[in-house]
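Right, one structure below, let's go through it.
The values are calculated or read from the model by the stated rules, or taken from the named source; none is laboratory data. Everything numeric here is computed off the predicted structure, so don't read it as measured data. Quick reminder, even Gly has a Cβ in these numbers, built from the backbone with ideal geometry, and neighbours come from all protein chains shown. Only protein heavy atoms, including side chains, enter the accessible area calculation; ligands, DNA and RNA are left aside. Shrake-Rupley method; radii C 1.70, N 1.55, O 1.52, S 1.80 Å.
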Amino acid sequence: MSEQVSRRTALKAVGMGVAALAVGAGPGAGVATAARGRLTADDLRTALGGKVLFPGDPDYDAERAGFNTLFQQSPNAIVLAQTPQDVATAVRIGGGTGWPIAVQATGHGICVPADGALLINMREMNGVAVDTAARTARISGGARWSDVLAVAAPAGLLPPVGSTSDVGATGYATGGGVPVLGRTYGFASDRVRSIELVTPDGRLRCLTPQRESDLFWAVRGGGSNFGAVTSFEIDLLPAATVYGGGLVFPAAASAQAYRGYVEWTKTASDRITSVASFIRTPTSQVLRIEVVYVGSATDGAAEIAPLRALNPVSDSVTDVPIAQLDTIFNVPTKPTANLVESGLIGTLDAAGVEVVLNAVGFGAALPSGVAEIRHMGGAFSRPPAAPSAIGNRDAQYLVFLSNTVPQPDAAGSIEQAQQTILTNLAPVLTGRTVPTFLGTVDTSVAAVRSAYTDSDWNRLLSLKHAYDPANRFRINHNIR
Ligand SMILES: Cc1cc2nc3c(=O)[nH]c(=O)nc-3n(C[C@H](O)[C@H](O)[C@H](O)COP(=O)(O)OP(=O)(O)OC[C@H]3O[C@@H](n4cnc5c(N)ncnc54)[C@H](O)[C@@H]3O)c2cc1C
C-alpha cells in the first residue's frame, strides 16, 4: 500500500493528461517529453484508473527493468496495469499516440527493447483463482508460475510449469510453453481453456475454442502479437509430488553418459520428461541429466535405472513435493544479462549424437553457460484438443542455449559462439524451434517464422493483418 501511495504522489508531480497522449505524434523518447506540458496527471488517472510513469518519475527505472538486463529500455510511458479495464484503456490511448505498444510481465523474454513505446507492465495483475473441483486455474496476465504454484500446490494440483516458476505464466503459455512434465501433458498452450485478450482496437474479448476461435488459435503460439492477455484459464494436473532431480557426470565421463542417455530416451515412457544439460562455469564443466517422472518413486526408480547404471557422481533424484519443483533445475532467479538461442532436432542416430557432442560437448571451447538438450516427443507430439499455432511437433529433441553476458562488450563474441554451435548442429537440426525459445537477438522475419509451420505462419500473418493492421504490437518476436 505504501508503495502505491508513493507512486500516486509521484504522479501528481508529472503534469500530464490524456488528451495529448491520444493525439501524440510518432515514436521516440522526445514525444513523451513534448507531450508533458499538455497533459495533467488527473486526466491520466481518470482515463487509466491505474498508474502511469514517465521518464524521470521515481519508479520509472525500476518498472522498465526486466529480468534480462541485456536490454535497457526507454519507453515513452509505462502503465502499471491493475485491471483488464486499465489494459483496455491503455491500448486505446496508446492507439492514439502512434507509439508501439509493448506488454511485459517479468522481462524474462525481452527480445526488443520497448524504446519509444507505451509499455504495459502487467506485474501487478498477478491474481490466481484455483477451482479444485474442475482442476483449473484462472491466471491474471502478469502472474508468474510461482504465484500459480502457491495456490495450486496445496491442493495437490500442478500447473504445466517450466524449469523455473519465476517465468511469467502468460508469456510462457502463449508461446507454447515447454513444461518439465511435457512428455506426459504436452505444451502448456495445449491445456489453455480460454483467454481474455485486449486486442489492438482496445476491445476486451473472451476467446475459447468456440468463441473467436481464430484468435484463440493464434494467441496460443503468437502471443502478444495479437494484444494483451488480461487472464487465461488452464488445466491443472493432479500430482502432489513428482519423482525428479539431477544425475551429474564429470566432463571426462560426459560423452559416454550422453550416448547412453540418448539411447535410453528412445524407449523412455511418456511419464518421464528429461533434459541433458552441458553446463560450463569458469571453474567447472559437468553434464547434468535432469528427470521428472509423474508417478511413484518405485516406478520412477525403475524407469531411470539405466541412467543410474551410467554411474553419475551425484544423484539428487527423489520424491519432490510440487511446491518445490524449482529445486530440480535450480535456475538462478537473479536478473542477469542473457543471450539465448534454440533449435529443434528431428531424431538422433549414432552419428547425430556425435554431431551434438562435437557442437556442445566439453571438447569444444565455449563460453560459460548451459546447452540444454530437452527430450520432446510423447505428449509434445500429439495434437491438442483445440488446435493452436504450435506446430513442429514431430521433433524428438530441443536444443536451448543460454549464456550469461558478463559485461556488455562480451555480447558479440557470445552471440558468435552460439551461432557457431547452431552451425555445427545443422546436420541434426530441423531448422525450426518453439516460440518460447526463440533467440534473444535475431528477431528477423526468417528467425520468428522458424517457430511455426509454413501454413501456420501464413494463417498467423493474415490474422495479424486483420487484427493489428498497423502492427502496434511489435515489441516482441514480431509476426510481420
Ligand atoms: C531462466 C529461464 C528459464 C526458462 N525456462 C523455460 C521453460 O522451461 N520452458 C519454456 O517454454 N520457456 C522457458 N523460458 C522462456 C520463457 O517461457 C519465455 O521467455 C516467456 O516468454 C517469458 O515470459 P515472461 O512474461 O516471463 O517475460 P516477458 O519478457 O515479460 O514477456 C515475454 C513475451 O511474452 C509476452 N507477454 C507477457 N505477458 C503478456 C500478456 N499478459 N499478454 C500478452 N503477451 C504477454 C511479451 O509481450 C513478450 O513477447 C525460460 C526463460 C528463462 C529466462
(message) Considering only residues that are within 12 Å of the ligand (Cβ to nearest atom) and either under 30 Å from V291 (Cβ atoms) or touching a Cys at 6+ places or on another chain (Cβ under 6 Å) (or both), which ones fall in the stretch 187-220?
(response) F187, A188, S189, E196, R220
(message) Can you pull out every residue in the stretch 438-480 that is out of contact with any Pro (no Cβ under 6 Å at 6 or more places or on another chain), of a type in the set (A, V, I, L, M) and either outside any loop (DSSP other than H, G, I, E, B) or within 15 Å of the ligand (Cβ to nearest atom) (or both)?
(response) L438, V441, V445, A446, A447, V448, L460, L461, L463, A466, I479
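Conditions (1) open to solvent by 30 Å² or more (accessible area, probe 1.4 Å); (2) closer than 24 Å to C111 by Cα, marked per residue:
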{"position": "E124", "(1), (2)": "yes, yes"}
{"position": "A129", "(1), (2)": "yes, no"}
{"position": "A134", "(1), (2)": "yes, no"}
{"position": "A143", "(1), (2)": "no, yes"}
{"position": "V148", "(1), (2)": "no, no"}
{"position": "G156", "(1), (2)": "no, no"}
{"position": "T174", "(1), (2)": "no, yes"}
{"position": "R191", "(1), (2)": "yes, no"}
(request) Scan the stretch 167-185 for residues that are near the ligand (Cβ under 8 Å from one of its atoms) and under 11 Å from T436 (Cβ atoms) and jot them down. (result) V167, G168, G171, Y172, T174, G175, G176, G177, V178, P179
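Filtering the stretch 425-480 down to residues that are among the basic types (K, R) and without any contact (Cβ under 8 Å) to a residue 40 or more places away in the chain, which residue is farthest from N121 (Cα to Cα)?
Residues of the stretch 425-480 among the basic types (K, R): 432, 449, 459, 464, 472, 474, 480.
Right, trim to without any contact (Cβ under 8 Å) to a residue 40 or more places away in the chain and you get 449, 480.
Working: R449: 26, R480: 23 Å.
Here the answer is R449.
Kindly indicate whether R138 is open to solvent by 20 Å² or more (accessible area, probe 1.4 Å), of a type in the set (D, E, K, R) and more than 13 Å from the ligand (Cβ to nearest atom).
Values: open to solvent by 20 Å² or more (accessible area, probe 1.4 Å): yes; of a type in the set (D, E, K, R): yes; more than 13 Å from the ligand (Cβ to nearest atom): yes.
Spelling it out, R138 is indeed open to solvent by 20 Å² or more (accessible area, probe 1.4 Å), of a type in the set (D, E, K, R) and more than 13 Å from the ligand (Cβ to nearest atom).
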(request) Output the residues belonging to the stretch 253-285 that are open to solvent by 40 Å² or more (accessible area, probe 1.4 Å) and under 15 Å from A364 (Cβ atoms). (result) I279, Q285
